[in-house]
Structures are given as structure tokens and as C-alpha cells.
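Asks: Right, I'll just put the structure down here and ask away after.
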Amino acid sequence: MTFTLGVDIGTFESKGVIVDEAGRIIASASCPHEMIVPRPGWAEHRAEEDWWGDFIRIVRQLLLESNVKSEEIKAVATSAIGPCMLPVDRAGKPLTNGVLYGVDTRASVEIAEITERLGADEILRRGGNALTSQSVGPKILWLRRNFPEVLENTFWIMTSTTYLTYRLTGEIVMDHYTAANYSPLYDIATQDWRDDLDWICPRSKLPRLLWSAEIAGRISEVAAKETGLAVGTPVTCGTIDAAAEAVSVGVRQPGDLMLMYGSTVFVILIAERRLTDARLWHAPWLFPGQFSAMAGLATSGTLTHWFRDELARDLVQQTAFAVLASEAAASPPGAKGLIVLPYFSGERTPIHDPVAKGVIFGLNLTHNRGDLYRATLEGIACATRAITDTYAEAGQPVARVRAVGGGTKNAIWLQATSDLTGLDQTLCEVTSGAAYGDAFLARLAIGEARAADIDRWNAAERQITASKHPAYEKLYPLFRRLYAQTRDLAAELG
């Protein structure tokens, strides 16, 4: 029997699994770490301690608990939060902490400057994405402007998976899916780095590009000693965690959509062609000839935690969500006329409004906490519908939805999302997430699986069926109008 190993480095926790040829999980492990916020709007990890350190700890624990011999692991694949910016020197030593993905908003000035210099239409045409806090190009320009001595000593700019692969193999690579988030440095037509933007970052400092399931290199002697893995084991290029999670639940053909219920709602749709729409994020999918369009809300699970911490302090924290769910279940769809705009941290797609504000509208003396909680979940569901509607308007309607993430335990949230979007949702048996998708990608990389085999590895377990509610048919148009009519007020508040 042979095995593959998948490890995923998340924002607050890393996970790993060892999986056999049939997709059975032989062992799993996890370890937490913190997100560093040295200043408002900044978000960082320590590459050596949080990324590589977690990888070592997880792999050693997996090998110990599984009794799998290192030489029985036929391939390794990684995923991690991203896109990130990590400058390293000629020896591969990090020169700063890793600057994280869209939650880090330090480069707003540079986003505006690059957009003005290159033109918004040209950026979208060449790169497929408008510049946002998710884009790495402005963050590299920020580094050049604020710490020129660091960039002068930088030999490579890496993302999180690049760093892991480098530590494992000595190879410096990045997958196309991640590279597309390095806007405006990646050209979607040539699927290569641009060579005319040296004033942001010379292409010589950017990694070699591969597809996610391509073999990047093999475990080195140094990495074998640190991790316990066998010298010469193949290692894939790797990808961003959300993409690996989509793979884990069978998102693989046009019209397939992953709906991730996490601290934010994150969405990946496989498209028949490139969708160039400024409201969405675009990237080549993980394999040649395939396309994807991404979207994400700014607050989702974080908003439910805010609600618990601020409006349910009388409840025991461990059981608070169960009590809130029971209270919300007693409220009818539409929460007796309440509307919540869930923009408590601004909003990402499709409105891209960083100063949007959270709103609770329609309160009267008959409303209770259960109504408020249901309205909060329905507000997130309305914001999700805005995304699925945008996909249809861009020319790629959703055909099949796979739901993942911790929020899938919330039945009211799940049902409200199906009812408001009009889309059924399928949940799969295995919920290990990105690390499981990595293990499958590792098996693909060595030619011992086909893309369709994931349906056998991780079968559908249950389905949420969409229903029509007159209250929701009234709610959603009012939700959109409420944002439009409060947008200017929110901007004035700043």
C-alpha cells in the first residue's frame, strides 16, 4: 500500500493528512499559530516559525501516529494562505515577515497609484483582475517605497507555498492560480510574468511558474532530516488553500462552485472561459486549459462570532451558537421585516467597497435576539446571492454547489443561502478541507489518479434543497436598495 501526504497552512491553524490510494485518511494532525497585526491594516506570519515550523511539526506527528514509513509516501503536496509577499535573500532567508493576502490592506496608496499609471481597463485586460488588497503587486511597490534597502537585498519574492516548496526541494516555483493574484505582474494571455513592470518588481525576482499538480522537485537531504520524509520523494508545486479545498469536494468542471462557510464566505467557480469582470477575481484554474473566477465576502463567520460575543454574553460560550440557532429557528424567514447589511469590515466582492458599513434596519419593539440572529444570517446569504447573480451576469451561471467549512454546521445559514440564491447545495463525506485536496493533487501528480476520481474519494453525503419564500422575494431587492441608499452616508462616516 502506498500513501500521499497533504499539508495546508491556514491563517490561524495548519492541518495535515496521510491518505491511501482509495482516499481513506490514515492519520490527521493540526497545530495552531497566530496572525501578527503589528499595525492597523497589517497582517503577517513568520515564515520560518509559522509556515515551515508548522509543516515540520505536522509531518513528524503524522509519521509517528500513522506508523507509515516515510518511503511509503509516494508524493507530497502543500497549500497555504495566499497570495502572500515574502522577500528572501540569495540564501533563501526571509528578510521580513510574510505579508498576508487581502486581509492586509497596507498598500491602498500604491493600488491607487498603479491604477492611475496603467489604467483600470488595461490592468483588467492584461491581468484579469482589478487591483485590490488581494493584489501582491501594490504590496511589492509598498515595500520598494517604504523599505528600499530590503528590496535591494531581495533575491526572490515568494508566496507561502513557494517558501514551503523551497525548503523541501530547493526549487523556487509558484502555480499559475496564485500568480494571477500578483496583479498587475501576471499576464493572463501569455500565462507568464510581465517584463515591462520593473518599476514595481523585475520578473527576475519572481518564481518559475508551474501548474499546481506538476512536480516541482524532490525532498532534499536537509529537508529529510528536518521532517522525517524520505530523500527523493516528489513534491508538487502547491497552491492556495481555498483552491485545494475546492478540489477536495469535487469542484472540477465548468459550472461547479465551492461555497466555503468560514470566517469569510469564499467562492470559487470553474468557468468555461476567462471571465473578465472587475467585480470578480480571475485566475487560471489548477490545470492547463481551465479557468476560474473567485469571490469573497469580508465578514461572515466573524460576524456570527461578533454577534455571540456582543449580544449573547449571557450564554455559555461553548453552547452559545446552539442556543442562538434555536432562538433563530423560532423566527420566520425574513426575520419579521429585519434587514442586515453584513458589511462590518467593509465589503469585497462584488461591490468592492472598503468603507461600506454594517446596518441593522427595520427594528421595532416586537423584535428579539432570535430575529436579530436570523436576520444576520440572512444578510450574509443575501450578500452571497449578490455573488452568484454576478457570475450569471458575467456569463457563467452556477450549475452545482459544494458547500464546505465550519459554517455548514449552521442549518439556518445553509438553508437561507439555498433559498435566497435558488441553488441546492451538496455536502461531502470528508470535511478535512485543503489538506485532503492536497493529498489528492499529490496522487494526480504522480499519475495514479484522474480528476474524476475525487468523486469516489469523497462522495456526496447530503443535500440542502432550495425553497421559495415570499419573504425572501421581498427581502433581497430591499437588501440591494438599502446598500445603495446608505452608501454615501457610510462614505461620509469614513
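Asks: For V355 and I36, what does the FRET efficiency come to when R0 = 35 Å and r is the distance between their Cβ atoms, rounded to the nearest 0.05?
Replies: Once the sixth-power term is evaluated, E becomes 0.90.
Asks: Between A230 and Q191, how high is the FRET efficiency from 1/(1 + (r/R0)^6) when r is the Cβ-Cβ distance and R₀ = 35 Å? Nearest 0.05.
Replies: 0.60
Asks: How would you rank K74, K409, going from fewest to most other Cβ atoms within 10 Å of each one's own Cβ?
Replies: Ordered by Cβ neighbours within 10 Å, fewest first: K409, K74.
Asks: Taking amide H positions as placed in the peptide plane 1.01 Å from N, state which residues far from T233 in sequence (5 or more) or on other chains have amide H under 5 Å from it.
Replies: I219
Asks: Another question, if that's okay. Kindly put C237, C201, C428 in sequence by how many other C-beta atoms sit within 10 Å of each C-beta, fewest to most.
Replies: So the residues, fewest neighbours to most, are C428, C201, C237.
Asks: Mind listing the phi-derived Karplus ³J(HN,Hα) values for region 450-466, rounded to whole Hz, using 6.51, -1.76 and 1.60 with θ = phi - 60°, and x for any glycine or proline?
Replies: 10, 4, 5, 5, 5, 5, 7, 4, 9, 6, 5, 10, 7, 10, 9, 9, 6
Asks: Follow-up question, since we're still on this one. Using 0.36 nm per residue of separation minus the Cα-Cα distance, give me the extension gain between L363 and I25 in nm, one decimal.
Replies: In short, 116.8 nm is gained.
Asks: Normalised radius of gyration for the chain, please: alpha carbon Rg relative to 2.2 N^0.38 Å, two decimal places.
Replies: 0.96
Asks: Another question about this same structure. Let me know the charge dipole size of the chain about its Cα centre in debye, to the nearest 20, where only the beta-carbon of Lys, Arg (+1) and Asp, Glu (-1) is charged.
Replies: Magnitude of the dipole: close to 500 debye.
Asks: Amide H of G405: which non-local residues (sequence gap of 5 or more, or other chain) have their own amide H closer than 5 Å, using H built in the peptide plane?
Replies: Those lying under 5 Å, H to H, from G405 are Y261.
Asks: On a full-extension model of 0.36 nm per residue, what is the gain between E71 and A491, subtracting their alpha-carbon distance, rounded to one decimal in nm?
Replies: In short, 145.3 nm is gained.
Asks: A follow-up question, please. Under a point spin-label approximation (7 Å from Cα along Cα-to-Cβ), what is the E473-D89 distance to one decimal in nm?
Replies: 6.8
Asks: Tell me, what HN-Hα J-couplings in whole Hz come from the Karplus equation 6.51 cos²θ - 1.76 cosθ + 1.60 at θ = phi - 60° for each residue of region 338-347, using x for Gly and Pro?
Replies: Per-residue couplings from phi come out as 7, 10, 10, 8, x, 8, 7, 10, x, 8 Hz.
Asks: Based only on other Cβ atoms within 10 Å, what is the fewest-to-most ordering of W156, W193?
Replies: Going from least to most buried by this count: W156, W193.
Asks: Then there's this: For K93, which lysines qualify as cross-link partners when the Cα separation must be under 30 Å and same-chain residues fewer than eight apart are set aside?
Replies: Within the straight-line limit of under 30 Å, K93 reaches these lysines: K15, K74, K139, K205, K225.
Asks: Give the relative contact order (percent, whole number) for region 3-242; include only Cα pairs under 8 Å separated by 6+ residues.
Replies: 21
Asks: Once every DSSP H run of n ≥ 4 in the chain is given -39500 (n - 2.57) and the sum is divided by its residues, what mean residue ellipticity at 222 nm do you get, rounded to the nearest 500 deg cm²/dmol?
Replies: After summing the helix terms and dividing by the residues of the chain, the value is -11000 deg cm²/dmol.
Asks: Give the range of the longest stretch in the chain that excludes all GluC sites (Glu not before Pro) found in loop regions by DSSP and having at most 15 other beta-carbon atoms within 10 Å.
Replies: In short, 35-271.
Asks: Now for a different question. Where in the chain are the DSSP H helices whose C-alpha atoms run 18 Å or more along the long axis and whose mean Kyte hydropathy is at least 1.6?
Replies: TM-like helix candidates: nothing returned.
Asks: Straight-line reach from K474: which lysines have a Cα under 23 Å away, not including same-chain ones fewer than 8 places off?
Replies: K336, K357
Asks: With θ set to phi - 60° and the Karplus curve 6.51 cos²θ - 1.76 cosθ + 1.60, what are the ³J(HN,Hα) couplings of region 34-40 in order, to the nearest whole Hz, using x for Gly and Pro?
Replies: For region 34-40, the Karplus-derived couplings read 10, 8, 8, 10, x, 8, x Hz, x marking Gly and Pro.
Asks: Tell me whether region 142-200 comes out rounded, prolate or oblate; compute the Cα gyration tensor, take square roots of the eigenvalues as a ≥ b ≥ c, and use a/c under 1.5 as the rounded threshold.
Replies: Verdict is oblate for region 142-200.
Asks: Using the alpha carbon gyration tensor of region 335-412, what are the three equivalent-ellipsoid semi-axes (square root of 5 times each eigenvalue), largest first, in whole Å?
Replies: Result for region 335-412: semi-axes of 25, 17, 12 Å.
Asks: If you take the charge dipole of the chain about its Cα centre, with +1 on Lys and Arg Cβ and -1 on Asp and Glu Cβ, which of S345, W156, S326 is farthest toward its positive end?
Replies: Checked the options; the winner is S326.
Asks: Just the Cα atoms of region 181-323: what Rg and Dmax do they give in Å?
Replies: When restricted to Cα atoms, region 181-323 yields Rg and Dmax of 20.2, 59 Å.
Asks: Kindly rank 410-418, 172-180 from highest to lowest mean number of other beta carbons found within 10 Å of each residue.
Replies: 172-180, 410-418
Asks: Let me ask you something else. Under unit Cβ charges (Lys, Arg +1; Asp, Glu -1), what dipole magnitude, rounded to 20 debye, does region 218-278 have relative to its Cα centre?
Replies: 160
Asks: Over what distance in Å are the Cα centres of region 97-128 and region 142-187 separated?
Replies: Cα centroid to Cα centroid, the span is 15 Å.
Asks: Using a simple charge model, +1 on the beta-carbon of Lys and Arg, -1 on the beta-carbon of Asp and Glu, nothing else, what dipole does region 3-242 show about its Cα centre, in debye to the nearest 20?
Replies: It works out to roughly 200 debye.
Asks: Quick query: amide H of S292 versus all other amide H atoms, modeled in the peptide plane; which residues come in under 5 Å with a sequence gap of 5 or more or a different chain?
Replies: So S292 has HN proximity to A271, A283, W285.
Bear in mind these aren't lab numbers, they're just calculated from the coordinates by the rules spelled out. Bear in mind that the values here come from a model prediction, so they are computed numbers and not experimental data. Every residue, glycine as well, gets a Cβ built from its backbone with ideal geometry; the counts of neighbours run over all protein chains shown.
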